[in-house]
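What follows draws every value from the coordinates through simple rules; no lab data is involved. No experiment lies behind these values; they were computed from the predicted model shown. Quick reminder, even Gly has a Cβ in these numbers, built from the backbone with ideal geometry, and neighbours come from all protein chains shown.
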Amino acid sequence: MDISQIQQQISQAEGDSKALPPVELWDPAFCGDMNLVIKRSGQWWHEGTPFTRAKLIKLLSSVLKKENDDYFLVTPVEKIGIQVEDVPFVIIDADFVDESWKVVTQTGDSFTINAEHPVELRKFENGQVPYCLVRRNLWARVHQNVLYRWVEQAEETTQKDGKSKLVLTSNEYTFAIGEY
């Protein structure tokens, strides 16, 4: 199946709306692995060469699915394994608008941090970094530039166990961006 057929299937699945394809409903047969890697930086590579077309990355990210610890690109008829070094998305921008944190990933996904898009601290390299749920069990790591801006806005709280956390609030959802 070539890319134009995949685009056509996605367009049919979307209808007239800009909604994401319902990949959680698709369970096609596994077709093998593709030499496609989403690097820790959020950059997409195929056969050792970085993708340069943002629209292609956006298209492929819309059919990305995670099952257990494995990632796949899926259509209604194919399931192809890919590699993801950390998580498939990186939050590259954030703005505080109307009492909420609005964020954007490297693929153009945008959403508001809230209970449906929670933030959790995870180990990354030598420390802990905030990660946020983008959609369908697909997470984004917060880029350090966004994290630095958040640190400037965060409030320090002390827990009962004596540990301190830096927290932010998005509407009524409070989340930690660091602890020590």
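Cβ-Cβ distance of HIS46 and THR112, R₀ of 25 Å, FRET efficiency by 1/(1 + (r/R0)^6): the value works out to about 0.20. Structural descriptor for the chain: relative contact order 16 percent, calculated from alpha carbon pairs under 8 angstrom and at least 6 residues apart. Backbone geometry of the stretch 80-87 corresponds, through the Karplus equation with coefficients 6.51, -1.76 and 1.60 at θ = phi - 60°, to 3J(HN,Hα) couplings of 10, x, 10, 9, 10, 5, 10, 9 Hz, x marking Gly and Pro. Each semi-axis of the equivalent ellipsoid for the stretch 130-180 is √(5λ) with λ an eigenvalue of the Cα gyration tensor; in descending order they amount to 21, 13, 11 Å.
Can you sort ARG141, ARG136 so the residue with the fewest Cβ neighbours within 10 Å comes first? Please report the intermediate quantities before stating the final value.
Working: ARG141 23, ARG136 12.
Going from least to most buried by this count: ARG136, ARG141.
Rounded to the nearest 500, the 222 nm mean residue ellipticity of the chain from helices alone is -5000 deg cm²/dmol, with -39,500 (n - 2.57) taken per DSSP H run of at least 4 residues. Above 23 Å lies some portion of the pair distances; for the chain, what is it as a whole percent of all C-alpha pairs? So the pairs more than 23 Å apart make up 46 percent of the total in the chain.
Taking 25 Å as the limit for the C-alpha separation, the pairs LYS58/LYS102; LYS39/LYS79; LYS65/LYS163; LYS123/LYS163 exceed it in the case of LYS65/LYS163.
Each of LYS163 and GLN128 was given a label point 7 Å from its Cα along the Cα-to-Cβ line. The distance between the two points is 0.4 nm. Taking the Cα atoms only, what angle lies between the long axis of helix 3-14 and the longest principal axis of the chain, rounded to 10 degrees? With both axes taken from Cα atoms, the answer is about 60 degrees.
Working note: Debye formula, equal point scatterers on the alpha-carbon atoms of the stretch 89-179, no solvent; log10 I(q)/I(0) at q = 0.11, 0.13, 0.17, 0.21 Å⁻¹ is -0.28, -0.39, -0.67, -1.03.
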